[in-house]
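Novice: Let me begin by handing over the structure; questions about it come next.
Where a number appears in this text, it was derived from the coordinates with a stated rule and is not lab data. What you are looking at is a predicted structure, and each value in this text was computed from that prediction instead of being measured.
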Amino acid sequence: MQKDRRTKIEQLLALARLGLIRARDLDTCKIPRAYLNRLVATGQLERVGRGLYRAPGSLVTEHTSLAELSKRVPRSVVCLLSALQFHGLTTEAPHQVWIAIDTHARQPKIDYPPIRVVRASGAAYRHGVEKKTIEGVSVKITSPAKTVADCFRYRRHVGLEVALAALRDYLRKHRGGMDALTKAAKADRIYATMRPYLEALT
């Protein structure tokens, strides 16, 4: 029994070393959730927030909140200001993690990190979604082109100045990326709005 307990603890710690873990991640490994509290009490695990844990001393970066959010809301897509920061298309650090969820999805209820939610469906939701591994977590995030198109689609949320600055940075850093930008704008049904700005800047 003691050996079985040690094995489960070792499995749990090995999982934590790979990246953030949720309490529900233990179910597939048949590790009792009670082990989480025990390991937190002995300092072998850190509780990040409700139902979310990591190994002590884990590297915390500017993108840690994206990994934490993706663990908590797996079907969400990091977008807009958070995606701009990730792709280096802005120097500003957003105070919230911006995510897109399906129009019919339930509003996420989480205590941390703070979030800002926009809704989309069809091509506007599915187009231009990339998967990035951040701190051991698979994170869905909009591509640079889709992020810029989204800034125009949601310009009432982020401001037209932010959208224009993102477009300028994109055109400077992604030369030859006009085709991807056009496809993203059409998926968002925003191409007619973006076109005059594109023509003025190219």
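Novice: Taking 0.36 nm per residue of sequence separation and subtracting the Cα-Cα distance, how much length would be gained by fully extending the chain between Lys8 and Gln107, in nm to one decimal? Don't skip to the end; give the middle numbers.
Specialist: Numbers: separation 99, 0.36 × 99 = 35.64 nm, distance 3.45 nm.
Computed gain between Lys8 and Gln107 is 32.2 nm.
Novice: Multiply the residue separation of Thr133 and His95 by 0.36 nm, subtract the distance between their alpha-carbon atoms, and state the gained length in nm to one decimal. Please list the in-between numbers first.
Specialist: Working: separation 38, 0.36 × 38 = 13.68 nm, distance 2.18 nm.
Between Thr133 and His95, full extension yields 11.5 nm more.
Novice: Provide the gained length on full extension for the span Arg50 to Leu18, in nm with one decimal, where the gain is 0.36 nm per separating residue minus the Cα-Cα distance.
Specialist: Numbers: separation 32, 0.36 × 32 = 11.52 nm, distance 1.92 nm.
Taking 0.36 nm per residue and subtracting the Cα distance, the gain is 9.6 nm.
Novice: Taking only Cα atoms and a 10 Å spring cutoff, compute GNM fluctuations for the chain and point out the largest among Arg24, Arg175, Arg38.
Specialist: Most flexible of the set in this elastic network: Arg175.
Novice: Suppose only helical runs count, i.e. DSSP H with n ≥ 4. What mean residue ellipticity at 222 nm does that imply for the chain under -39500 (n - 2.57) per run, divided by all residues and rounded to the nearest 500 deg cm²/dmol?
Specialist: Working: 11 runs with 98 residues, N = 202.
When only DSSP H runs of four or more count, the value is -13500 deg cm²/dmol.
Novice: Count of lysine pairs in region 42-146 with Cα atoms under 16 Å apart, counting only pairs 8 or more residues apart in sequence or on different chains?
Specialist: Count of close lysine pairs: 8.
Novice: Ok, one more. Per-residue HN-Hα couplings for region 145-155, Karplus 6.51 cos²θ - 1.76 cosθ + 1.60 at θ = phi - 60°, whole Hz, x for Gly and Pro?
Specialist: Working through the residues one at a time gives 5, 5, 4, 5, 4, 4, 4, 6, 4, 10, 5 Hz.
Novice: So what is the relative contact order for the chain, in percent, with contacts set as C-alpha pairs under 8 Å and at least six apart?
Specialist: Values: 278 pairs, mean separation 34.3, N = 202.
About 17 percent, as a whole number.
Novice: Let me ask something else. Would you mind listing how long the chain runs along its three principal axes, going by Cα atoms, in whole Å with the largest first?
Specialist: 71, 32, 26
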